[in-house]
Amino acid sequence: MAALIRDNADVMVQLEAGLAEDWVNTHGIIWDEQRGYHRYPNDNRGMDGAVFWAASTWATPAIVVTFHNESTRAFSCFKHGNDPDFHYLGSLGKLD
């Protein structure tokens, strides 16, 4: 997603991520043209409403991109695998 944002930021308004089959309860804005990135995985800053589900055993991780012309496109983003400890999030780091 970082490459998608870097390469297309000039035509995008925002990018959201979540689980396609339960979008309303699992999505959050992760980047927009005003603020940039809203939150990084395992960030120790206070919660800001930018929490989203990025993995599931039953639903499809997806992103929705909103463009300057107000159109949107949805893309499924998944890789089959087995990572029960969510290593894709990286190190938990220090939580003060």
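Run the numbers for PHE67 and VAL24: contour at 0.36 nm per residue of separation, minus the present Cα-Cα distance, in nm.
Working it through step by step, the gained length comes to 13.5 nm.
Taking 0.36 nm per residue of sequence separation and subtracting the Cα-Cα distance, how much length would be gained by fully extending the chain between ALA2 and TYR37, in nm to one decimal? Walk me through the intermediate numbers first.
Numbers: separation 35, 0.36 × 35 = 12.60 nm, distance 0.96 nm.
Contour length minus Cα-Cα distance gives 11.6 nm.
Coordinate-derived values only; no laboratory data. These numbers come from a predicted model, not from an experiment.
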